[in-house]
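Have a look at the structure below before the remarks.
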Amino acid sequence: MQFRKYQGLGNDFILIDARRTESPPVHPDQARLLCDRRFGVGADGLILALPPEGMGDVRMQIINADGTEAEMCGNGVRCFARFLADLDGASASGSWRVETPAGIIVPQLVADQQVSVDMGEPFLSPSAIPTNIDAGGSLAQAWLEVAGEQLLVAAVGMGNPHAVVQVDDLDLIAFTELGSALETHPAFPARTNVHFVQVISQNQLRMKVWERGAGATLACGTGACAVLVASHLRGACAREADIELPGGILHICWDEENHLQMVGPAEFVFSGNWFLEEDAKLLTTKPIDCSIDCSQGCLDPDNCPSATARANAMALLDKFSLNQLVDLANESIEQRTIKRIKGG
Ligand code: ZDP
């Protein structure tokens, strides 16, 4: 199974082209193994390109490193656009309508290896996020007990759920303990991505990411959008800001149409071939018998024994006249040998 690896601000993904296959080529267990950094390729998630089911050009399926499925992935959709452009070359448009469980998302290639993405509208109602924190005002937020601490937690949906906690100093928090405890807090029935944000200025935020199903990661596109929305609604920043993540900077703008616009990089890392059990089976099965196995069409055109035999016969026919061929057929092996030795 061919795969390519991409990263956006160090948030890394294995991408597989399954647009022309009938069923997805990987099972969640295989995704878990592929994403494992010691036993597999290593990635924060695995992304499949699938045939569209609706009005889009292509469908994107995201599987977290732990084998669970996510509805959306902001850094992933930028990598997805770069992946499609690399695969389709000159025929690629540079912009795609991507079907996701969070709706149609539209990434577009722009200058300097950057990808700009219309991430759609944020979800602010508790049931859509989903969270059981009740929205008193426009933002669902409440004090929750997390790993023994009281935290003011805001909830925002970008198709996938996000919890946003504002802190004074990112370097002083018990990040892993709080992140993992909040990921599975009962206030978030589908678990949640967790973000800690430090406000630097109206147009500049710093954040740290604990991803649902992946743990600490270097960046999160949907998370950066959720952080901007929560911080703006709290009055802590403008509608547009640079968001500094451990892996680098994302530019996020919450536009007048209520859509989040995200700009950030996406880069190819390497490609490879993963041998699944099915591939291994193919390698150990008996050689193809053309006359039986290929009755519906050649099974191995790059390595076809019958094509080689045909090519040899054609070469022989080209080399001799019809009379020579008749003579050849009439001569015995003994006569031919004598002739060859005598140099005739
Ligand atoms: O929602 C989830 O389960 C996330 N782990 C999906 C991935 C989100 C991501 N970090 C992003 O950039 O939006 C990749």
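I'd like the accessible area for residue 116, computed on protein heavy atoms only with a 1.4 Å probe and all protein chains in place. Round to 10 Å², please.
Estimated to the nearest 10 Å², residue 116 gives 30 Å².
Could you work out how much longer the chain between residue 176 and residue 121 gets when fully extended? Use 0.36 nm per residue separation minus the Cα distance between them, nm to one decimal. The partial results should precede the final answer.
Numbers: separation 55, 0.36 × 55 = 19.80 nm, distance 2.95 nm.
Roughly 16.9 nm would be gained on extension.
Set Lys and Arg Cβ to +1 and Asp and Glu Cβ to -1, take the dipole of the chain about its Cα centre, and tell me which of 51, 325, 135 lies farthest positive.
Most positive-ward Cα: 325.
In terms of solvent-accessible area of protein heavy atoms at a 1.4 angstrom probe, what is the ranking of 21, 192, highest value first? Before the final figure, lay out the partial values.
On the way: 21 65, 192 0 Å².
My answer, sorted largest first, is 21, 192.
Quick one: how many lysine pairs does the chain have with C-alpha atoms less than 26 Å apart and a gap of 8 or more or different chains? Give me the count, please.
On the way: 5/208; 5/281; 319/339; 319/342.
Qualifying lysine pairs in the chain: 4.
What number comes out for the charge environment of residue 75, summing +1 per Lys or Arg and -1 per Asp or Glu over other residues with Cβ under 12 Å away? All intermediate terms of the calculation are to be shown ahead of the outcome.
Numbers: positive: 78, 82; negative: 12, 44, 211, 267.
In short, -2.
Which residue fluctuates most in the GNM of the chain (Cα springs below 10 Å): 166, 114, 324?
324
Taking every DSSP beta bridge with both residues inside the stretch 132-200, roughly what % is antiparallel (nearest 5)?
In the stretch 132-200, approximately 70 percent of DSSP beta bridges are antiparallel ones.
If you restrict to DSSP beta bridges whose two residues both lie in the chain, what percentage is antiparallel, to the nearest 5?
Values: 65 of 80 bridges.
Of the beta bridges lying entirely in the chain, close to 80 percent run antiparallel.
How many nm is it between the label spots at residue 271 and residue 111, if each spot is 7 Å from the Cα in line with the beta carbon?
With each label placed 7 Å out from Cα toward Cβ, I get 2.9 nm.
Using 0.36 nm per residue of separation minus the Cα-Cα distance, give me the extension gain between residue 319 and residue 338 in nm, one decimal.
Working: separation 19, 0.36 × 19 = 6.84 nm, distance 2.11 nm.
Going from the current span to full extension adds 4.7 nm.
Can you tell me the FRET efficiency between residue 292 and residue 327 if r is taken as the Cβ-Cβ distance and R0 is 30 Å, rounded to the nearest 0.05? Walk me through the numbers before you get to the answer.
Numbers: r = 36 Å, r/R0 = 1.19.
Plugging the Cβ-Cβ distance into 1/(1 + (r/R0)^6) gives 0.25.
Angle between the Cα long axis of helix 221-233 and the longest principal axis of the chain, 0 to 90 degrees, nearest 10?
Tilt of helix 221-233: around 20 degrees.
How much net charge surrounds residue 249 when only other residues with a Cβ under 11 Å from its Cβ are counted (Lys, Arg +1; Asp, Glu -1)? Write down the numbers at each step before the final one.
Details: positive: 206; negative: 242, 244.
The answer is -1.
When ligands, DNA and RNA are left out and all protein chains stay put, how many square angstrom of accessible area per residue does the stretch 140-258 have with a 1.4 Å probe? Mind showing how you got there, number by number?
Values: 4390 Å² over 119 residues.
Solvent-accessible surface per residue comes out at 37 Å².
What chymotrypsin sites (Phe, Trp or Tyr not before Pro) in the stretch 1-88 are in a loop by DSSP, with at most 10 other Cβ atoms within 10 Å of the Cβ?
Numbers: sites: 3, 6, 13, 39, 80, 83; in loops: 39.
Of the chymotrypsin sites (Phe, Trp or Tyr not before Pro), the ones in loops of the stretch 1-88 whose Cβ has at most 10 other Cβ atoms within 10 Å are 39.
Can you give the longest stretch of the chain with no exposed loop site, where a site means GluC sites (Glu not before Pro) in a DSSP loop (not H, G, I, E or B) with at most 11 other C-beta atoms within 10 Å?
On the way: sites that count: 22, 53, 256, 257.
Result, exposed sites excluded: 54-255.
Report, by chain and number, residues whose modeled amide H sits under 5 Å from the one on residue 115, excluding near sequence neighbours (fewer than 5 apart, same chain).
Placed amide hydrogens put 110, 264, 266 under 5 Å from residue 115.
Using a 10 angstrom cutoff on alpha carbons, build the Gaussian network for the chain and name the most mobile of 203, 193, 330.
For the chain, modelled as a Gaussian network with Cα springs under 10 Å, the answer is 330.
Could you please state, rounded to a whole Å, how far the C-alpha centre of the stretch 195-250 is from the C-alpha centre of the stretch 1-37?
26
Taking only Cα atoms and a 10 Å spring cutoff, compute GNM fluctuations for the chain and point out the largest among 206, 234, 32.
234
Which percentage, to the nearest 5, of the DSSP beta bridges contained in the stretch 161-240 is antiparallel? Write down the numbers at each step before the final one.
On the way: 10 of 15 bridges.
Around 65 percent antiparallel, to the nearest 5.
If I stretch the segment between residue 23 and residue 299 completely, what's the gain in nm (0.36 nm per residue apart, minus their alpha carbon distance), one decimal?
Difference between extended and current length: 97.4 nm.
The values are calculated or read from the model by the stated rules, or taken from the named source; none is laboratory data. What you see is a predicted model, and the numbers here were worked out from it, not measured in a lab. Don't worry about glycine lacking a Cβ; one is built from the backbone with ideal geometry, like all the others, and counts go over all protein chains shown. Protein only, heavy atoms only, side chains kept; ligands, DNA and RNA dropped before computing areas. Shrake-Rupley method; radii C 1.70, N 1.55, O 1.52, S 1.80 Å.
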